[in-house]
């Protein structure tokens, strides 16, 4: 496989208050070595969009870009990792996902989501400890076990609290040497290991 095609198409999924620009540093590190690349802009509405609805939108973007069957690799940052996971487990995405990388995503919930009412901010409420969505995702892990999963996280994070909950229940786990949530996609100490994982055959 050539250096310019280190795998199937790569899909990057941004988090709650982010835009596709959050991945600019990672894109620079990858150069042209992961193409084609899709970074959809998802209308998360400050957390009002339920995660499953955002997952359906993600699936629509993937199908529009690559058709209904082309395998993909997925990287989701922060809330985007839970959106990507919901697409994999609940929207049939496991059938076409080769590798799923979760970066600083509250896959096991976060204290910071606890105060927010579901009637106003359904997407944030989906990230509470023990939320109905997370219980549903954790109840059947067969879809995740069929693909290669890797969680990257920060020990402190400060957005996902505690930081060690920012991991999938299956797959490899790597703690990155950064202290804050934004540094997971800004600090070269985090970006370089992420790029190595994305460029791995």
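The values are calculated or read from the model by the stated rules, or taken from the named source; none is laboratory data. No experiment lies behind these values; they were computed from the predicted model shown. Positions of Cβ are backbone-derived with ideal geometry, glycine not excepted, and every protein chain shown enters the neighbour counts.
Here is how the numbers come out for the structure above:
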| read-out | value |
| --- | --- |
| Residue 11 modelled with pLDDT of 95 or more, under 26 Å from residue 163 (Cβ atoms) and touching a strand residue (DSSP E or B) at 6+ places or on another chain (Cβ under 7 Å) | yes |
| Count of residues meeting criterion [in a strand (DSSP E or B), without any contact (Cβ under 8 Å) to a residue 40 or more places away in the chain and within 21 Å of residue 14 (Cβ to Cβ)] in the range 142-201 | 2 |
| Index of the failed condition, residue 16 passing every other in (1) modelled with pLDDT of 95 or more; (2) over 22 Å from residue 151 (Cβ atoms) | (2) |
| Positions within the range 49-77 being loosely packed, with under 14 Cβ neighbours inside 10 Å and either on the phi > 0 side of the Ramachandran plot or touching a helix residue (DSSP H, G or I) at 6+ places or on another chain (Cβ under 7 Å) (or both), in sequence order | 67 |
| Tally of residues being closer than 19 Å to residue 16 by Cβ, in contact with a helix residue (DSSP H, G or I) (Cβ under 7 Å, 6 or more places away or on another chain) and crowded, with 20+ Cβ neighbours inside 10 Å across the range 148-177 | 6 |
| Check on residue 88, under 13 Å from residue 11 (Cβ atoms), touching a residue at least 40 places away in the same chain (Cβ under 8 Å) and either under 15 Å from the mean Cα position of the chain (by Cα) or buried (at least 20 other Cβ atoms within 10 Å of the Cβ) (or both) | yes |
| Answer residue from the range 118-128, given it is out of contact with any helix residue (DSSP H, G or I) (no Cβ under 7 Å at 6 or more places or on another chain) and part of a loop (DSSP other than H, G, I, E, B) and is surrounded by the fewest Cβ atoms within 10 Å (Cβ to Cβ) among those | 119 |
| Residue within the range 27-41 that is at pLDDT 95 or above, surrounded by fewer than 12 Cβ atoms within 10 Å (Cβ to Cβ) and within 22 Å of residue 200 (Cα to Cα) present | yes |
